[in-house]
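Taken together, the values in this text are just the output of simple stated rules run on the coordinates, not laboratory data. All figures in this text were calculated on a predicted structure; none of them were measured in a lab. So basically every Cβ, Gly included, is an ideal-geometry build from the backbone, and we count neighbours across all protein chains shown.
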Amino acid sequence: MTTHKLLLLPGDGIGVEIMREVERIIAILNGKGGANSFETESDLVGGAAIDAHGVAISEGAMEKAGIADAIIFGAVGGPKWDDVPYEIRPEAGLLRLRKDYDLFANLRPAICYPALADASSLKKELVEGLDILILRELTSGTYFGEPKEIVTLENGEKRGVDTTVYTTSEIERIVKVGCDLARKRSGKMHMAAKWNVMKTGVLWRDVTVATHKAYAPDVELELILADNCAMQLIRNPKQFDVVITDNLFGDVLSDEAAMMTGSLGMLPSASLGPPDPKTGRPKALYEPVHGSAPDITGKGLANPIAMIASFAMALRYSFDMTKEADIIEQAIATVLGNGLRTADIMQNGLEKVGTEDMGKAIAAEIEQALG
Ligand code: NAD
């Protein structure tokens with residue numbers, strides 16, 4: 001039996017409520033005594049850590065993160081910490097994890113569960129059964145390039161500057177992650193960039209083609225201009241499987257793809273670092289896309305599906321537990337198909353449930369499927 005170490009960082013607000021539903025599933029998996037088991041530790045992050053330690057993540061929690069095989073993260077922030085100094089704000093905990101572990105590959109799936117296809121802003125037939133994965137470079141590009149400034153010109157006008165910078169190795173490593181993911185899925189990968197007007201786009205195109213040829217010629221690669229990709233995602237999203245792109249385009253395209261499929265409460269994500277020299281596995285952090293939702297905290301209303309689906313991603317991408325990940329995703333689909341809805345995805349005539357009942361219903365399906 002292989003034991004995997006998980007660090008659970010529930011954080012603030014609904015982060016705490018939805019993490020309980022992941023713990024319920026971990027207990028079921030451990031109870032089944034399969035080939036994989038989980039050892040969990042928990043710690044504070046965000047506002048809760050600021051209250052306890054004066055910083056958004058303590059050195060102790062960072063040490064636990066260092067030895068964990070995967071980090072499962074809830075959400076951070078809330079009005080209580082709106083006025084703390086910028087350097088110690090709740091998000092600083094998440095940013096430190098991303099920076100210290102070089103979590104450069106951000107995976108944002110857009111899955112449309114059949115039961116929610118009617119709720120999409122696109123036509124049902126376009127999104128029903130949709131399952132695409134936007135892979136965004138997260139640690140370089142326009143958001144980090146220097147100079148980044150607003151300067152006052154001699155004539156009194158101001159000029160804002162952002163700089164888009166990429167190096168060969170930064171592109172190579174994300175292309176390799178994309179190829180690995182494509183191999184685990186349909187074997188198809190798009191790369192979106194603007195090589196027609198941007199020098200970084202030319203580099204993305206050339207490095208992608210060369211890396212793909214050397215590393216994964218078996219993967220079907222298609223290059224697409226980023227603006228055309230935005231259009232095609234709306235026109236015919238099911239033509240895509242894995243889409244790799246830079247930080248800026250990825251920010252926009254991943255939101256576009258994800259929101260076709262339903263509520264913020266449904267969207268999981270993963271951030272992967274470089275492979276560990278000892279284990280070959282990347283350091284990885286899994287988290288829902290949404291925040292701490294202070295408006296519904298403590299009311300039992302939070303949708304736990306984004307958090308549970310993030311845990312399913314951990315099983316798939318950190319532990320190769322494809323069967324269990326499939327079972328969790330199928331359990332979510334079944335429960336939605338049975339008409340259970342949290343308030344954020346409620347539709348007429350269906351059964352409204354709270355966080356715990358949604359979590360329990362999904363857990364029951366998982367338990368049954370595991371046999
Ligand atoms: P939010 O994602 O917390 O909430 C936006 C809206 O979506 C709210 O109405 C909320 O009730 C709803 N919502 C979010 N998740 C839900 C869920 N699981 N179930 C049901 N409804 C859900 O964004 P916000 O209100 O802009 O930010 C609130 C706090 O969260 C802020 O302090 C912000 O800085 C922080 N934040 C943290 C993260 C993170 O931890 N990664 C991400 C975004 C925002």
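Here are some notes:
- Computed from the alpha carbon atoms alone, the convex hull of the stretch 131-260 holds 114 Å³ per residue.
- Only alpha carbons enter this Debye calculation for the stretch 124-188, each as an equal point scatterer, and the log10 of I(q)/I(0) it gives at q = 0.12, 0.21, 0.23 Å⁻¹ is -0.55, -0.91, -0.98.
- Unit Cα scatterers, Debye sum, the chain: log10 I(q)/I(0) for q = 0.15 Å⁻¹: -1.44
- Global form of the stretch 105-153, assessed from the alpha-carbon gyration tensor, a/c cut-off 1.5: prolate
- log₁₀ of I(q)/I(0) at q = 0.11, 0.17, 0.28 Å⁻¹ - the stretch 191-261, Debye sum with one point per alpha carbon: -0.27, -0.63, -1.32
- When each of the peptides 74-84, 33-43 is scored by how many other beta carbons lie within 10 Å of its residues on average, the order from highest to lowest is 74-84, 33-43.
- Gain on full stretching of the segment that runs from Glu87 to Asp255 - 0.36 nm per residue minus C-alpha separation: 57.8 nm
- Taking all pairs of distinct alpha-carbon atoms in the stretch 71-185, Kirkwood radius in angstrom: 18.3 Å
- The stretch 145-169 and the stretch 31-54 have Cα centres lying 41 Å from one another.
- Note on the stretch 1-142: Rg/Rh from Cα positions, Kirkwood definition for Rh, rounded to two decimals, is 1.03.
- Mean residue ellipticity (222 nm) of the chain, computed from DSSP H runs ≥ 4 via -39,500 (n - 2.57), nearest 500: -12500 deg cm²/dmol
- Sum of side-chain charges, Phe311 neighbourhood, beta-carbon under 14 Å (Lys, Arg +1; Asp, Glu -1): -4
- Principal axis dimensions, the stretch 307-371 - Cα atoms, whole angstrom, descending: 38, 23, 17
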